[in-house]
Amino acid sequence: MSEESTALPWPVIVDAGSGTPADLMARVARGDSAAFAQLYDQMAPRVYGLIRRVLRNPAQSEEVTQDVMVEIWRTATRYDADRGSPTSWILTMAHRRAIDRVRSEQSSTDREQAVAAASSTTEYDEVAETVTTNLEVEQVRHCLGSLTELQRESVTLAYYGGYSYREVAELLDAKLATIKARMRDGLIRLRDCLGVTGR
Amino acid sequence: MTTPEVHALTGPYVLNALPEDERIGFEEHLADCQSCSAEVSELREAANKLGTAVAAPPPPALKARVMAEIATTRQLPPLLREQAAEPEPLRRKGFSRRSFFGLAAAGLAVAGAGGIAIDQYRENSQTRHQNEQLAALLAESDAQTVRGNLKSGGQATVVMSPAKDTAIVLLHDLPKLPDDKTYQLWLEDKGRTMHSVGVTTHDGSKVIRGGIVGKVALGLTIENKPGATEPNLSTASVIPMV
Ligand SMILES: [Zn+2]
């Protein structure tokens, strides 16, 4: 084990308000609204960015983001650390809410944005305007590029486009079983490329 | 839903691409199928990376509205668990002083999560000093452990305490590099700048004192010896620290 006991060559920023999501979640569950404000700062960009990508409409995205953030507050007492990280819990909730909104709109009106959203397959490389770390974005882009075209389109049309697998099959003119399989093996390839693991 | 192809629904499920009725059916299956539920948990982490990659700042006024709404929103009561006669399950979240009843528990918790076996690390008498450092760090009330698989193969575990502004990086099962190459560790700050924290060997561990606060990710790259000033992104593995 080598050891660096000397100071590192950049100034140490003492951020008195910092806390890990796990610590913050525990405090939020006990009704600590200051901890919630910090959790908001850490998570709202990811929640909003994802919802906005799926819904596209800024006003709607803001509304759904507000719902999700309040839901995090309301149900923080039910969050179980044994079942995943706070980030995972929060992003899963955000994606579900966005999809719920898509589906509920769909049942009342035709989706005029179908064509616009269908073009989302090529947009994986326009992710520059983000608050995520460069390396992470770079890696997601790289790893999406390592998927076959059908895998990538199946995964991104569903995740970013908000389409069901039946709709994706329709758009890509493929069999249902094929699309289900490409969604799964596409995500598996993505997982292996990104080096992520479950719990 | 008992046909074999039900196991293939993990992908559409994680992407929220199943219609309501199929989703409910799959969730019933998930409760009984360990391999599907393990796969869902892994694929969900991958899907969440797609979400994180499109992060964007929300309108500033939104925060005030959310804070106002939570001020008038009652939180749900916690679910009451039956007081188990079985031993307490080990938790993976931070290791508080209270829960820190010996490094064995912490070691088991991390190893049980599929990571490096800190137990082995602990048993090796030659590394007692390092173990003490690790134990001290794990005992910090804000200690946090993150772990990731590396692109090169192998895993990295980062144990850190923002309060102590210290981290220990443990590398495990990395392939040996040719003589002219070296592994290099980096910390990325909120301003997206990468800071080298030095080179390391394939079986190295590293104590980083200072400069942890405000950093968002640990990076590991393969560089030409004696190391680089800019990371070689094509070789980079990144482990988010927040
Ligand atoms: Zn199954």
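The values are calculated or read from the model by the stated rules, or taken from the named source; none is laboratory data. Because the structure is a prediction, the values reported are computed rather than measured. Backbone-built Cβ (ideal geometry, glycine too); neighbour counts: all protein chains shown.
Structure above, values below:
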read-out: The range A:1-32, residues that are over 24 Å from the mean Cα position of the chain (by Cα) and modelled with pLDDT of 90 or more; value: A:ARG30, A:GLY31, A:ASP32
read-out: Selection count where residues are aliphatic (A, V, I, L, M) and within 16 Å of the ligand (Cβ to nearest atom), scope the range B:18-57; value: 7
read-out: Unmet criterion (only one of (1) within 9 Å of another protein chain (Cβ to nearest Cβ); (2) away from the ligand (no atom under 14 Å from the Cβ); (3) not aromatic (Phe, Trp, Tyr)) for B:PRO60; value: (1)
read-out: Subset of the range B:203-223 [surrounded by fewer than 22 Cβ atoms within 10 Å (Cβ to Cβ) and on the phi > 0 side of the Ramachandran plot]; value: B:GLY210, B:GLY214
read-out: Hits in the range A:52-108 - residues which are of a type in the set (A, V, I, L, M) and free of Cβ contacts under 8 Å to residues at least 40 places away in the same chain; value: A:ALA59, A:VAL64, A:VAL68, A:MET69, A:VAL70, A:MET93
read-out: Residue, surrounded by the most Cβ atoms within 10 Å (Cβ to Cβ), within the range A:154-165, restricted to residues that are more than 7 Å from every other protein chain (Cβ to nearest Cβ) and part of a helix (DSSP H, G or I); value: A:SER154
read-out: Neighbours by Cβ (under 7 Å, 6+ apart or cross-chain): first from the range B:20-33, away from every other protein chain (no Cβ under 12 Å); second within 11 Å of the ligand (Cβ to nearest atom) and of a type in the set (Asp, Glu); value: none
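A quick yes/no check of all residues on (1) touching a Gly at 6+ places or on another chain (Cβ under 7 Å); (2) crowded, with 19+ Cβ neighbours inside 10 Å; (3) not assigned by TED's automatic domain parsing to the domain that holds B:ALA236:
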position: B:ASP142; (1), (2), (3): yes, no, no
position: B:VAL146; (1), (2), (3): no, yes, no
position: B:GLY153; (1), (2), (3): no, no, no
position: B:TYR183; (1), (2), (3): no, yes, no
position: B:GLU188; (1), (2), (3): yes, yes, no
position: B:THR201; (1), (2), (3): no, no, no
